[in-house]
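**Q** I'd like to ask some things about the structure below.
The values are calculated or read from the model by the stated rules, or taken from the named source; none is laboratory data. Only a predicted model underlies this, so the values are computations on that prediction, with no experimental measurement involved. Reconstructed Cβ throughout: ideal geometry from the backbone, glycine too, with neighbour counts over all protein chains shown. Ligands, DNA and RNA are excluded from the accessible area calculation, which covers all protein heavy atoms including side chains. Shrake-Rupley method; radii C 1.70, N 1.55, O 1.52, S 1.80 Å.
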Amino acid sequence: MKTKILGIVLIAVWIAANVACSSSPTSPGVAVTTAEAAVAAPSTATKSEVPANPSEFLASGPIIVEDQVDVSAQRDGVVAKVLAEPGTQARKGQLLAALDDRQITADLEAARARTRSTGNDLKNWEAEAKVLDSDYARAEKMWEAQIIPKEQLEHAKYKAESDQWDVKRVSELLSNAKQVERSLELELEKTQITAPFNGVVARRYIRAGQSVARNDRLFWVTAVAPMRIRVTLPERFLGHIKAGVALGISPAEGADATHRYRAKIIQVSPVVDPSSDTIEILAELSGDTGGLRPGMRADVHVPDVK
C-alpha cells in the first residue's frame with residue numbers, strides 16, 4: 001500500500017515539473033519586471049519640467065501690456081449712442097460712446113450768453129471810467145485856475161474813483177461767468193466717452209438707453225503693444241541676470257509652441273522675495289510678435305547659471 005502511494009506522489013511531481021517548463025514566460029496576468037514597466041510607461045513630464053535645452057532655465061508667465069484699463073463714466077447720465085464694439089481698433093481720443101448732453105448744452109449756452117453780457121457791461125463801465133477820469137483831470141485844471149471851488153474838484157475825484165471800483169466789480173463778475181462756462185464745458189466733455197490711448201476695445205459693458213452712474217464701467221480698452229512678460233527666477237540668478245539680456249519666448253500651448261520670439265530684459269528686481277527666494281524680471285518683446293496676444297501664457301527661456 002505504501003508503495004502505491006509513493007508511486008502516485010512521484011508521478012504528480014513529474015507532471016508538475018513538465019507543466020512549469022512548458023508554460024510561457026510571460027503569460028497573461030503575470031506582472032512585468034520593474035525595468036520593463038519603466039520602458040513601457042509613457043512620460044508624464046511637461047515641457048516646463050523638461051526644457052528642450054538643459055542649459056536653459058524655463059519660467060512661465062502671462063503676456064501683459066502696460067496700458068490696460070476700464071473706461072468708466074465720469075458723471076451720471078443716459079447712454080445716447082454706442083460707437084465701439086469688442087475688437088474695434090481705437091486711437092487715443094476716439095469717441096467710443098456718448099451720454100445724453102442736451103441739458104448740459106443748454107446750460108452752457110446760457111452761461112456763454114451771461115459771459116457775453118457781463119463782458120459788454122465791463123466795456124461800458126470802462127468807457128464811463130475814462131470819461132470820469134477826463135472830467136477829474138479837467139476839474140483839477142479849473143480848480144488850479146480858481147474857476148471852481150475845491151468841493152467840486154473833490155466831487156469829480158470821488159466819482160472817478162467810485163467808477164474804478166465798479167470796473168473791478170464787473171471784471172470779477174466776468175471772470176466768474178467765464179469759470180462757470182468752463183465748468184460746463186468740462187461737464188460736456190465728460191459726456192463724450194473716448195479712448196485713453198491707442199489700442200483695442202476688449203469688452204463693452206453698456207448699451208444705448210442705459211442709465212449709468214459715475215464710476216460705472218463702460219468699456220475695457222487694452223493696448224496691443226509693446227507686449228511684455230513678467231516672471232520670477234530663483235535667487236541664484238541675482239547678479240547674473242541684468243537689463244539688456246536677450247531672451248527667447250515661446251507660447252506655452254498651441255501649434256506655435258516651438259517658435260521662439262525675441263525679448264529683452266528691461267527690469268530686474270533689486271531685492272529677493274523672502275517668501276519664495278525668487279527675484280522678478282520684466283522683459284519686453286521685440287520684432288515680429290504675430291500670433292501673440294496679451295493674456296496668453298508663454299515660456300521664457302533664460303540662460304541658466306549654476
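**Q** Quick one: how many residues across segment 211-222 are assigned to a strand (DSSP E or B) and not hydroxyl-bearing (Ser, Thr, Tyr)?
**A** 6
**Q** Could you list, in sequence order, the residues of segment 220-240 that are more than 21 Å from Gly291 (Cβ to Cβ) and over 12 Å from the mean Cα position of the chain (by Cα)?
**A** Across segment 220-240, the qualifying residues are Thr232, Leu233, Pro234, Glu235, Arg236, Phe237, Leu238, Gly239, His240.
**Q** Tell me, please, whether a residue that is aromatic (Phe, Trp, Tyr) and farther than 30 Å from Val79 by Cα can be found in segment 182-199.
**A** No.
**Q** Then there's this: Anything in segment 254-272 that is farther than 14 Å from Leu58 by Cα and outside any strand (DSSP E or B)? List them, or say none.
**A** Matches in segment 254-272: Gly254, Ala255, Asp256, His259, Ser269, Pro270, Val271, Val272.
**Q** List the pairs whose first member sits in segment 231-250 and is in a helix (DSSP H, G or I), whose second member is modelled with pLDDT of 90 or more and of a type in the set (Ser, Thr, Tyr), and whose Cβ atoms are under 6 Å apart, counting only residues at least 6 apart or on separate chains?
**A** The qualifying pairs do not exist here.
**Q** With (1) in contact with a Pro (Cβ under 8 Å, 6 or more places away or on another chain); (2) modelled with pLDDT of 95 or more; (3) farther than 29 Å from Gln74 by Cα as the list, and Glu172 as the residue in question, which single condition is left unmet?
**A** (1)
**Q** Any residue at all in segment 172-182 that is without any contact (Cβ under 8 Å) to a residue 60 or more places away in the chain and either open to solvent by less than 70 Å² (accessible area, probe 1.4 Å) or touching a Gly at 6+ places or on another chain (Cβ under 7 Å) (or both)?
**A** For segment 172-182, residues without any contact (Cβ under 8 Å) to a residue 60 or more places away in the chain and either open to solvent by less than 70 Å² (accessible area, probe 1.4 Å) or touching a Gly at 6+ places or on another chain (Cβ under 7 Å) (or both): present.
**Q** Next question. Could you give me the residue pairs with C-beta distances under 6 Å whose first residue belongs to segment 290-302 and is free of Cβ contacts under 8 Å to residues at least 60 places away in the same chain, whose second residue is open to solvent by 40 Å² or more (accessible area, probe 1.4 Å) and charged (D, E, K, R) wherever it lies, and which are 6+ apart or on separate chains?
**A** Note: pairs meeting the criteria are Gly291/Asp256.
**Q** Check Ala208, Ala225 and return the single one that is among the aliphatic types (A, V, I, L, M), surrounded by fewer than 18 Cβ atoms within 10 Å (Cβ to Cβ), assigned to a loop (DSSP other than H, G, I, E, B) and modelled with pLDDT under 95.
**A** Ala225
**Q** Can you tell me which residue in segment 273-306 is most open to solvent (accessible area, probe 1.4 Å), limited to those that are outside any strand (DSSP E or B) and acidic (Asp, Glu)?
**A** That would be Asp288.
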